[in-house]
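What follows is one structure encoded as structure tokens, with my remarks underneath.
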Amino acid sequence: RGKRAFIAGIADDNGYGWAIAKSLAAAGAEILVGTWVPALNIFETSLRRGKFDQSRVLPDGSLMEIAKVYPLDAVFDSPEDVPEDVKTNKRYAGSSKWTVSEVAESVKQDFGTIDILVHSLANGPEVSKPLSETSRKGYLAAITASSYSFISLLKHFLPIMNPGGATISLTYIASERIIPGYGGGMSSAKAALESDTKVLAFEAGRKHKVRVNTISAGPLGSRAAKAIGFIDMMINYSLENAPLQKELYAEEVGNTAAFLASPLASAITGATVYVDNGLNAMGVGV
Ligand code: NAI
């Protein structure tokens with residue numbers, strides 16, 4: 001039987017989530033996607049109209065199929081958590097069952113079980129503010145969207161994950177080294193995500209034989225990264241200073257995710273795996 005993957009955090013064909021979906025599809029996995037509710041309409045319309053067809057091409061020439069797209073907002077666990085203004089918001093009112101527990105329930109009803117869970121989402125409303133100028137509200141928003149969202153997904157999907165399954169999230173080296181510009185508590189959120197990767201690896205491993213890893217990815221000009229505003233500078237910095245002076249392709253992160261989700265990585269859990277052309281190993285820029 002082929003494996004089934006649920007990938008949370010795809011809304012276009014530019015980000016790491018899309019690249020991971022492609023690598024998993026190329027390896028034979030069935031692909032389910034969770035798309036942020038406000039972005040759902042345009043993503044589904046673009047898919048339907050063939051806007052992504054060129055980027056759907058797999059190495060064997062076939063097109064990646066997405067078995068189903070689920071609306072998802074990973075900052076809400078169940079309908080009781082959703083405030084009135086979000087419920088009645090035009091961009092949310094057209095969709096239903098998009099809290100984490102409801103999405104897991106829908107996937108269970110539609111497909112029964114999954115083997116691979118991917119968390120490729122983050123949000124920090126005050127990311128452009130230095131940490132020392134970040135509001136409490138902005139800091140907590142970064143944590144709930146970028147860190148707790150993984151705990152919530154794991155919690156609700158673990159019961160439908162097959163033993164031997166694997167989960168993967170995406171992190172950034174700003175968690176452990178100073179990256180000015182990655183503010184708003186986003187550096188803190190990634191530090192939490194990496195620490196949680198270890199604790200959750202223990203809990204999910206003991207209870208469900210599921211592995212939990214995170215990929216520390218180098219800079220990519222995704223939609224989310226462009227919103228931060230300094231991505232071109234980070235890409236150039238990496239080109240100049242990393243051991244491998246080449247562009248970092250989203251596909252390289254996708255292929256690492258496919259490896260980590262496969263039996264080839266059956267003894268790897270609780271790990272932060274760098275896919276960054278080696279930039280993390282440098283002590284000074286040269
Ligand atoms: P992206 O824009 O393709 O992906 C982020 C996704 O998160 C978007 O689809 C957005 O709709 C979704 N999202 C935001 N809030 C959400 C919520 N509450 N519920 C559900 N979905 C929500 O951008 P990218 O850069 O590929 O981001 C994917 C992951 O990779 C993130 O965790 C990011 O921090 C991480 N990463 C990105 C790097 C980069 O340079 N682009 C470097 C290292 C890590």
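The values are calculated or read from the model by the stated rules, or taken from the named source; none is laboratory data. Just so it is clear, the structure is predicted and the values come from calculations on it, not from any experiment. Reconstructed Cβ throughout: ideal geometry from the backbone, glycine too, with neighbour counts over all protein chains shown.
Miscellaneous remarks
- Criterion applied to A225, A257 was being closer than 30 Å to K137 by Cα and within 12 Å of the ligand (Cβ to nearest atom), and the one residue passing it is A225.
- One residue alone among R206, R211, R177 is away from the ligand (no atom under 14 Å from the Cβ) and more than 18 Å from V118 (Cβ to Cβ), and that residue is R206.
- Among the candidates K246, K209, the residue that is over 27 Å from K155 (Cβ atoms), at pLDDT 95 or above and surrounded by fewer than 21 Cβ atoms within 10 Å (Cβ to Cβ) is uniquely K246.
- Residue tally, condition away from the ligand (no atom under 16 Å from the Cβ) and surrounded by 13 or more Cβ atoms within 10 Å (Cβ to Cβ), over segment 28-52: 2
- Pairs linking a residue in segment 1-19 that is closer than 13 Å to Y249 by Cα and touching a residue at least 24 places away in the same chain (Cβ under 8 Å) to a residue that is polar (S, T, N, Q) and crowded, with 23+ Cβ neighbours inside 10 Å, with Cβ atoms under 7 Å and 6 or more positions apart or on different chains, are G15/S120; Y16/S120; G17/S120.
- Taking first residues from segment 99-121 that are within 21 Å of P79 (Cβ to Cβ) and partners that are aliphatic (A, V, I, L, M) and more than 15 Å from the ligand (Cβ to nearest atom), the Cβ contacts under 8 Å between residues at least 6 apart in sequence or on separate chains come to A104/I160; V107/I114; V107/I160; K108/I160.
- Among the candidates T197, T272, residue that is surrounded by 15 or more Cβ atoms within 10 Å (Cβ to Cβ), touching a strand residue (DSSP E or B) at 6+ places or on another chain (Cβ under 9 Å), more than 22 Å from R4 (Cα to Cα) and not acidic (D, E): T272
- A145 being more than 19 Å from G229 (Cα to Cα), in contact with a helix residue (DSSP H, G or I) (Cβ under 7 Å, 6 or more places away or on another chain) and of a type in the set (G, A, S): no
- Segment 25-41 residues that are part of a helix (DSSP H, G or I), paired with ones that are hydroxyl-bearing (S, T, Y) and within 14 Å of the ligand (Cβ to nearest atom) (beta carbon under 8 Å, 6 or more apart): V37/Y92; V37/S95; P38/Y92; L40/S95
- Any chance L58 is within 14 Å of the ligand (Cβ to nearest atom) and under 22 Å from the mean Cα position of the chain (by Cα): no
One line per residue, one yes/no per condition, for (1) more than 10 Å from the ligand (Cβ to nearest atom); (2) in contact with a strand residue (DSSP E or B) (Cβ under 6 Å, 6 or more places away or on another chain); (3) of a type outside the set (V, I, T):
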| position | (1), (2), (3) |
| --- | --- |
| A122 | no, no, yes |
| I143 | yes, no, no |
| L153 | no, yes, yes |
| F157 | yes, yes, yes |
| S169 | no, yes, yes |
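- For K226: the one exception among (1) touching a Ser or Thr at 6+ places or on another chain (Cβ under 6 Å); (2) not in a loop (DSSP other than H, G, I, E, B): (1)
- Condition check for L140: at pLDDT 95 or above and outside any helix (DSSP H, G or I): no
- Within segment 175-191, restricting attention to residues that are surrounded by fewer than 20 Cβ atoms within 10 Å (Cβ to Cβ) and not basic (K, R), the residue that is nearest to L260 (Cα to Cα) is A191.
- Within segment 69-87, residues that are more than 21 Å from A122 (Cβ to Cβ) sit with their Cβ atoms under 6 Å from residues that are part of a helix (DSSP H, G or I) and more than 11 Å from the ligand (Cβ to nearest atom), at 6+ positions apart or across chains, in these pairs: S78/S101.
- Test for Y16: is it aromatic (F, W, Y) and under 21 Å from R211 (Cα atoms): yes
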